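The values are calculated or read from the model by the stated rules, or taken from the named source; none is laboratory data. Worth saying up front: this structure is predicted, and the values here are computed from it rather than measured. Using ideal geometry, Cβ is built from the backbone for each residue, glycine included, and neighbour counts are taken over all protein chains shown.
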Amino acid sequence: MASPGQAITAGTHSGLASGKSSVTLTASRFPEMPYLVTIGLEVHCQVKTRTKMFCACETSFGEEPNTRTCPVCLGLPGALPVLNRYAIEKTLLAGLLLDCGSPEISRWDRKSYFYPDMPKNFQTTQMDFPLCLGGAVPLYDHCYPTDARKNIARPGHKVRLNRIHLEEDVAKSTHLGSSSLIDFNRAGTPLMEIVTEPDLESGEEAGAYLRSLQMILQQGGISDADMEKGQMRCDVNISLRLKENDPLGAKVELKNLNSISAVRRAIAHEVERQAEELDAGIAQIQSTRRWDDDRGETQLMRTKEDAHDYRYFPCPDLLPIVTAPILEKVRPLLTERPHERSARYEADYGVSAYDASVLSSDLPLAKYFEALAATGVPGKKAANFLLNNLLGALNDRSVAISDSPLSAEKTGALLGLVESGALASSQAKEVLAVLLDAPDKDPAAVAKELGFEPADAGELDALCDQVIAANPKQVEEIKGGNEKLLNFLTGQVMKASSTKPNPKQVTDLLKGKLQ
């Protein structure tokens, strides 16, 4: 591919199965093709609220089917909607987190269509006057797929947003062999639709966008954005063209993808499919397709669907919203965003850019790190131990950092022993393993139980002299520049010691004697 592509917009919802695709993924931007790839995304994300958008039914996941319903979310005749103010506040707060603007007045519309999972035959949504306009989502490097991080095409790229509007979610459809089941528990749940401008060029960028957006929304308290629970779903718009100044190609929309890996596989397949047809002289037409993850292919659903097909008109049951007073109310709730937190960690704690980005990617992890650094442990050492030792040990136990049995204060006490020279880093790992199973124990006491205690200064000095005297050949080689042999002498001292002193202390003492 020669130069940047551009994207498109559209959107609605249904359901797709998840399985394995036959598409082989590589970290590339389709360099073997003559076409410019244009990708736009529409993300449907459930807002984190206790009740639904237009009624008092509780939002839920995993409850018995059709037990969280009422005449409003079932679309029964004569039932009137009542706005969930909290959902509006959360959506406007999401707009602030993503640097969006908001119109003075936001209005509700009806989008008319017949789907079995929308019993009213219309969806209450926003067309001309959404709650949020513009904005952008930064693509964080560590949010790219692992195999694409070493060759990011556009580092620091920001994906512009077109709009964020609020609407009601539809019911959940479960398709059987010859019938379908409908669960209305999800129907009416507050749903944000976040629509990009034409700023994406590849499946790798799409994956980074979704993960970065998910991270911002989760840390801002807007949504749990759990794709496995259907709380975040994605429509993908793709078109191909030959030259940058050519008009955009016909838009093909892939509906309701429910995982980041599925989005990436679907894009890879659809780009290849369109390119093959264009090479064969087959013109593309605007269409909507579904992704079959088991087959690893897209399948046609319908063609040439535009906004006028939905017959939008203002909702007669809901008053417009004046946004200014709500924005003033939620502005103080604006939280530090991941990239802002990462920059602060670099500046205040001296951690590397990579470590700062990883620490900032998860809010409980970030809070643990700050609490650990507050115990007096240098930032770099706190980050290194947390990321390379504690997280690994917790992962082995399938325990999240938010559920760590070891408090940041107790971990700080352990690292304090390392800082004072009482423990070596390798010894601290062994103490950590014990503390995770017995978090009430004192780190110093555990170190003593394991035999990790400083040797008597006089005894250690005498042992070093004995080892030096017993190994004249190695001593001469060390003095001649072979410092690796210091490890051998250190090991001899450690064997002879009645305790398990810090190996670094032993090595430093030997170095001093051999200078």
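Please give the number of the condition Val467 fails out of (1) in contact with a helix residue (DSSP H, G or I) (Cβ under 8 Å, 6 or more places away or on another chain); (2) assigned to a loop (DSSP other than H, G, I, E, B); (3) at pLDDT below 80.
So Val467 meets the others, but not (2).
All but one of (1) in contact with a Leu (Cβ under 8 Å, 6 or more places away or on another chain); (2) surrounded by fewer than 22 Cβ atoms within 10 Å (Cβ to Cβ); (3) of a type outside the set (A, V, I, L, M); (4) free of Cβ contacts under 8 Å to residues at least 60 places away in the same chain hold for Glu244, so report the exception by its number.
(4)
Would you check which residues across the stretch 338-362 are under 12 Å from Gln219 (Cα atoms) and either surrounded by 19 or more Cβ atoms within 10 Å (Cβ to Cβ) or in contact with a Leu (Cβ under 6 Å, 6 or more places away or on another chain) (or both) and list them?
Scanning the stretch 338-362 gives Pro338, Arg341, Ser360, Ser361, Asp362.
The rows are residues; the columns are (1) at pLDDT 95 or above; (2) within 30 Å of Glu340 (Cβ to Cβ); (3) polar (S, T, N, Q); (4) outside the structural domain of Phe184 (by TED's automatic domain parsing).
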position	(1), (2), (3), (4)
Gln46	yes, yes, yes, no
Lys52	yes, no, no, no
Cys57	yes, no, no, no
Cys73	no, no, no, no
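For the stretch 218-229, give me each residue that is in contact (Cβ under 8 Å) with a residue 60 or more places away in the chain and either under 27 Å from Arg289 (Cβ atoms) or in contact with a helix residue (DSSP H, G or I) (Cβ under 6 Å, 6 or more places away or on another chain) (or both). Spell out how you get there, then give the answer.
Applying the first criterion (in contact (Cβ under 8 Å) with a residue 60 or more places away in the chain) to the stretch 218-229 yields 218-225, 229.
Residues satisfying the conditions are Gln219, Gly220, Ile222, Ser223, Ala225, Lys229.
Looking at Ala422 and the list (1) part of a helix (DSSP H, G or I); (2) modelled with pLDDT under 90; (3) not basic (Lys, Arg), which single condition is not satisfied?
The failed condition is (1).
Among the residues of the stretch 183-218, which ones are part of a strand (DSSP E or B) and in contact with a Ser or Thr (Cβ under 6 Å, 6 or more places away or on another chain)?
If the condition is that a residue be part of a strand (DSSP E or B) and in contact with a Ser or Thr (Cβ under 6 Å, 6 or more places away or on another chain), then Pro190, Met192, Val195 are the ones that fit.
For the stretch 352-370, how many residues are over 15 Å from the mean Cα position of the chain (by Cα) and under 13 Å from Ser404 (Cα atoms)?
The total comes to 3.
Report, by residue number, each residue of the stretch 94-115 that is farther than 28 Å from Asp309 by Cα, out of contact with any Lys or Arg (no Cβ under 8 Å at 6 or more places or on another chain) and either part of a helix (DSSP H, G or I) or modelled with pLDDT under 95 (or both).
Within the stretch 94-115, Ala94, Gly95 meet the criteria.
Being within 34 Å of the chain's Cα centre (by Cα) and not β-branched (Val, Ile, Thr) is the filter here; which residues of the stretch 406-425 pass it? Break it down stepwise before answering.
Keep residues of the stretch 406-425 that are within 34 Å of the chain's Cα centre (by Cα), which gives 406-416, 418-419, 425.
Residues satisfying the conditions are Leu406, Ser407, Ala408, Glu409, Lys410, Gly412, Ala413, Leu414, Leu415, Gly416, Glu419, Ser425.
With the condition kept exactly as written, say whether any residue in the stretch 120-138 is within 18 Å of the chain's Cα centre (by Cα) and touching a residue at least 60 places away in the same chain (Cβ under 8 Å).
yes
Among the residues of the stretch 437-454, are any within 22 Å of Ala356 (Cα to Cα) and more than 32 Å from the chain's Cα centre (by Cα)?
Applying the first criterion (within 22 Å of Ala356 (Cα to Cα)) to the stretch 437-454 yields none.
No, the stretch 437-454 contains no residue that is within 22 Å of Ala356 (Cα to Cα) and more than 32 Å from the chain's Cα centre (by Cα).
Checking the conditions here, which among Thr49, Thr69, Thr91 is of a type in the set (Ser, Thr, Tyr) and either more than 20 Å from Ile321 (Cα to Cα) or in a strand (DSSP E or B) (or both)?
Result of the check over Thr49, Thr69, Thr91: Thr69.
Just for the stretch 211-245: of the residues that are under 14 Å from the mean Cα position of the chain (by Cα) and either hydroxyl-bearing (Ser, Thr, Tyr) or not assigned by TED's automatic domain parsing to the domain that holds Ser60 (or both), which one is farthest from Val170 (Cα to Cα)?
Ser212
Let me confirm something: among Gln284, Gln274, which residue is over 28 Å from Leu191 (Cα atoms) and part of a loop (DSSP other than H, G, I, E, B)?
Within the list Gln284, Gln274, the selection yields Gln284.
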